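Scroll down for the structure; my scribbles are underneath it.
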Amino acid sequence: MRMFAGLSFVLAGVPRCHSPRDVPPCKGPTLRMVRKQQDDILRVRDGDRLDHGDLIQVGYLGVTEGSYGAILSQDGRGFITVHLPSDSESQSAPLESADWLDYSFKLDDAPDFEHFFFVVHERPFLVDPVINTLQSGSLDDDVRFVAEFHLRKPRRPPTDFLR
């Protein structure tokens, strides 16, 4: 097991929570998501299909207050976005027990999927090793994704199909 900044992260199972009525209730850190559609706020479930341009907001719950975390996404083009902490920070953010990110965003036109990853640890950690793990395409013992959230997106037709 390699160490980054004095911390080790271990690959873990992924809790799945889809509704408050789930039995047994989900334990541990979990990602949640909503989508704005006209004047309605709709809950998004893991595996739902969303379209390019949908306005979404990401949040989390089930975290031990005082922990540190990062939320990242990887789209169908392999592009990685750091949603938490802010883009200018290289270290994880302090977490509340549950919260929503301070902003919403539109899904871009990347095809096929948008996968969200949540990393939590009791001490601050560097975000770069998490990005490196996602870029390499293989999970490694150094990063513990405590929760994942997968969205399906439409596949764009090849550009020569449009001509």
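The values are calculated or read from the model by the stated rules, or taken from the named source; none is laboratory data. These figures come from a predicted structure and were not determined experimentally. Cβ placement follows ideal geometry from the backbone for every residue including glycine, while neighbour counts extend to all protein chains displayed.
Between 8, 73, which is within 16 Å of residue 146 (Cα to Cα), surrounded by 12 or more Cβ atoms within 10 Å (Cβ to Cβ), modelled with pLDDT under 90 and hydroxyl-bearing (Ser, Thr, Tyr)?
Testing whether each residue is within 16 Å of residue 146 (Cα to Cα), surrounded by 12 or more Cβ atoms within 10 Å (Cβ to Cβ), modelled with pLDDT under 90 and hydroxyl-bearing (Ser, Thr, Tyr) leaves just 8.
Do the conditions hold for residue 93, that is, is it within 23 Å of residue 134 (Cα to Cα) and in contact with a His (Cβ under 9 Å, 6 or more places away or on another chain)?
no
Looking for something within 24 Å of residue 67 (Cα to Cα), modelled with pLDDT under 80 and not in a strand (DSSP E or B) - is there at least one such residue anywhere in segment 118-140?
yes
Could you run through segment 48-66 and say how many residues are touching a Pro at 6+ places or on another chain (Cβ under 8 Å) and surrounded by fewer than 19 Cβ atoms within 10 Å (Cβ to Cβ)?
The total comes to 5.
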